[in-house]
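This report concerns only the one structure given below.
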Amino acid sequence: MRSVHFLKLFFLSLLILSSCTKKEDVILVGEYGSLTGDDATFGISTNKGIKMAFDEINSKGGIKGKKIKLITEDDQGKNEETAKVVTRLITQDKVMALLGEVASSRSIIAAPIAQKNGIPMISPSSTAPEVTEKGDHIFRVCFLDPFQGYVMAKFATENLKAKKAAVLRKNGDTYSEGLANVFAAEFKKFGGEVVADLSYQPKDMDFKTQLTEFKAKKPDVIFIPGYYTDVGMIAQQVKQLEIKVTLLGGDGWDSPKLHEVGKEAINGHYFSNHYTTESTSPIVVEFIKNFKQRYNNEVPDGLAALGYDAAKILADAMTRTKDLTSKNIRDELAKTKDFVGVTGNITINDQRNAVKSAVVVQVENEKRKYVTTVAP
Amino acid sequence: MEEIIQHFINGLSIGSIYSLIALGYTMVYGILQMINFAHSEVYMMGAFFAYYSAKFLNLEKSPSYSTLIIILVITMILCSLLALTIEKFAYRPLRKQPKLNVLITAIGVSLFLQYFAQIIFGADPKVFPNLINNQLLFEVGGVSINTFDVTILGVSLLSMLGLHFLVYHTKMGQGMRAVSHNPAVASILGINVNRTIALTFIAGSSLAGIGSVLVGIKYQKIEPLMGTMIGLKAFVAAVLGGIGSIAGAVVGGLVLGISEVLVVVYGSSQYRDALAFGILIFILLFKPAGIFGKNTIEKV
């Protein structure tokens, strides 16, 4: 008698399970990102942006009558986890398109997997050039490192009148090394001198040795293309060593945690970013208003804005397809032109990169003060 | 010149933290002849104990030396309890077994704690509260000395002196030395071996707890995997000084800290970790007993 009950239950649960995985009425989109780990705020911010975009689309009836369902996987900010979760998204969950990652090193790991399986992938904010070179299914909605390096070199020489610069790069990190190389080259082209170029190791906490070296060379600016936790600690140690210098960086600085780690030591320094919360354009104002309403009055950082734009561009391409297949989505993504996003007007070029301008902002407590815009 | 002094101070400050943790390795080795690889995780847990106790007692808004002392004491107690638990459940049952079994267990405990901490505390880094205010104390020839540097050096020096007093000038210390010499004979002479071993774990893990609070103050960032590298470095420092020797652990830590700084200055940061393990291989090849160790002849 009991075994009959058990069988009934078993088939019932099978029925429930199979109805859950029925794919006709939803469009599955996969997202992988660092929801925990050293760069956790990147993944969390991006995820918030993406979720908000899809919820907006779903509340307006979805795409071709279908709702978008987002499946998010955490790669813990680790390279070795990334391949695992991306493979799972593609082969097990059978997603139609992928969104991710912020860190270029991890996008580069995921890109070949997406390419091999014919799944279009949009990176919201991986700025290293190699990412989209991995194949014709890989797109991005942010600008590239060479451009960011150029922006900061130009800003240092023209706005800050810097003559001598030092570079502190994170060893073995695609993003950091790429930005550092371009900045050094461009700074020299603008007539400046790079007086020191040193590196630190992932997980390092003591940067005083490198900074002491810099102190002796008396640079006007130190370019630190790292992520926010490292940068916060570096800023603190710059202050402890009493070095009078302006710190410059890239979009890797953009996190609410930058100030938590760096405290007042980070104030007054500059970094290049994707958008500014001080913008008055209606779409940005609307985005910030909705984001604050949804997420407990939190001001969206650049990564949330890019996550939002990436999701919206994907949805836009999906609407334009005849029937929803990964191949068609890819083709329509490649045709994206003058898409009005929060982070600017986005056109995808034939290298599948977004062409857009960057802003330079100054850190002022938790605020990012808008300084200037640099167009490509 | 000014740079060299600054480098020296930086090296001393990181080196003294290596020393504090190296002492834990050396003491346990001295008594049990085993490498307690879980020691670096006791250090990591110490940082989280300090973090949560500061939050729980609401001390993060009132940085002062009394705050620092309260947190230090709490962390030392909790770290000791953790180490005693590990000793009781993982090492004591294996005490009569071959040393290799205990070593493998230690590695297992270490990995267990790493992943346990990731589940409990989350894998993302936490920002350590300000326990003391950092101010510029004085400047000598362009070298700035601030409260953090002085506190870290002062606290580590005091704890090392405390340990020295415990081991060489107390009855308990005498017992520890006796057990490390020959546990069987020591127990015949009426020394409670279990209690002595427990005391060793308490002393070693308290120092690890102090080290973790100092690192928290200095670098502000704590995370569940923070023990791995610093633990390996401290282990190298202990071997360099001569494992089992207390003076050796202190000197080994300082030598390693300062030479790492010099490698970054005159070489590159890529070589820094390689240096530590280069030293380890070199020492094991040419002077296996370390700087302060005595060569012993193994009877076959």
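Taking the Cα centre of segment A:153-208 as origin, sum charge times position over the Cβ atoms of Lys and Arg (+1) and Asp and Glu (-1), and report the length of that vector in debye to the nearest 20.
200
Give me the inter-chain shielding for B:119-130: mean count of other chain Cβ atoms within 10 Å, whole number please.
4
Hey, can you grab everything whose amide H is under 5 Å from the amide H of A:Ala162? Only 5+ residues off in sequence or another chain; H modelled, so Pro and N-termini drop out.
A:Thr157
Considering the convex hull of the alpha carbon atoms of the protein assembly as shown, report its projected area averaged over all viewing directions, in nm², one decimal.
So the mean shadow area of the Cα hull is 37.0 nm².
Across the residues of B:218-226, average count of Cβ atoms on other protein chains within 10 Å?
Going residue by residue through B:218-226 and averaging, the value is 5.
Name the most mobile residue of B:Asn130, B:Asn36, B:Asn182, meaning the one with the largest mean-square fluctuation, in a Gaussian network model of chain B with Cα contacts below 10 Å.
Result for chain B, Cα springs under 10 Å: B:Asn182 fluctuates most.
Where is the GNM fluctuation largest for chain B (alpha-carbon springs, 10 angstrom cutoff): B:Thr170, B:Thr26, B:Thr228?
Highest fluctuation among the options: B:Thr170.
Give me the mean projected area, in nm² to one decimal, of the convex hull enclosing the Cα positions of segment A:184-254.
4.7
How large is the charge dipole for the protein assembly as shown, taken about the Cα centre, if only the Cβ atoms of Lys, Arg (+1) and Asp, Glu (-1) carry charge, to the nearest 20 debye?
Result for the protein assembly as shown is approximately 1520 debye, rounded to the nearest 20.
Counting other C-beta atoms within 10 Å, which of A:Arg352, A:Arg106 has the fewest, and how do the rest follow?
A:Arg352, A:Arg106
Rank B:Lys96, B:Lys221, B:Lys233 by mean-square fluctuation in a GNM of chain B with C-alpha springs under 10 angstrom and give only the top-ranked residue.
In the Gaussian network model the winner is B:Lys96.
Using the crude model of +1 on Lys and Arg Cβ and -1 on Asp and Glu Cβ, and no other charge, please compute the dipole size for chain A relative to its Cα centre, in debye to 20.
680
Pop out the ³J(HN,Hα) list for segment A:158-172 in order, Karplus 6.51 cos²θ - 1.76 cosθ + 1.60 with θ = phi - 60°, rounded to Hz; leave Gly and Pro as x.
7, 8, 9, 6, 6, 9, 10, 10, 10, 10, 10, 10, 8, 4, x
For chain B, with the dipole built from +1 on Lys and Arg beta-carbon atoms and -1 on Asp and Glu ones, taken about the Cα centre, which of B:Thr67, B:Thr170, B:Ile279 lies farthest toward the positive end?
B:Thr170
Count, for each residue of B:147-153, the Cβ atoms from other chains sitting within 10 Å of its Cβ, then give me the mean as a whole number.
Mean inter-chain Cβ contacts per residue within 10 Å come to 1.
Averaging over all projection directions, find the projected area of the Cα convex hull of segment B:1-111 and quote it in nm² with one decimal place.
If you wrap the Cα atoms of segment B:1-111 in a convex hull and average its projections, you get 9.4 nm².
What base-10 log of the normalised intensity I(q)/I(0) is obtained for chain B from the Debye formula, alpha carbons as equal point scatterers, at q = 0.08, 0.10 Å⁻¹?
-0.34, -0.54
What order do you get for A:Glu133, A:Glu80 when you list them from fewest to most C-beta neighbours inside 10 Å?
A:Glu80, A:Glu133
Which translational diffusion coefficient, to the nearest whole µm²/s, is obtained for chain A from the Stokes-Einstein equation, given a Kirkwood hydrodynamic radius over C-alpha pairs, 10 °C and 1.306 mPa s?
For the chosen part, D equals 74 µm²/s.
Find the centroid of the Cα atoms in segment B:31-102 and in segment B:125-179, then give the distance between the two in whole Å.
Centre-to-centre distance over Cα atoms comes out at 17 Å.
Quick one: if the Förster radius is 60 Å, what FRET efficiency do A:Glu364 and B:Leu100 give, using the C-beta to C-beta distance and rounding to 0.05?
0.55
Report, largest value first, the span of the C-alpha coordinates of segment B:91-220 along each principal axis, in whole Å.
Largest to smallest, the principal-axis extents are 59, 41, 22 Å.
Rg(Cα) of segment B:179-240 divided by 2.2 N^0.38 Å?
So the Cα radius of gyration is 1.54 times the expected 2.2 N^0.38 Å.
For A:His269, enumerate residues with amide H under 5 Å from its amide H, sequence gap 5+ or separate chain, H modeled in the peptide plane.
For A:His269, the qualifying residues are A:Val363.
Based on the inverse mean of 1/r over its pairs of different Cα atoms, what is the Kirkwood hydrodynamic radius of segment A:231-348, in Å?
The Cα-based Kirkwood calculation yields 16.6 Å.
Where a number appears in this text, it was derived from the coordinates with a stated rule and is not lab data. Computed from a predicted structure; not experimentally measured. Cβ atoms come from the backbone with ideal geometry, glycine included; neighbour counts cover every protein chain shown.
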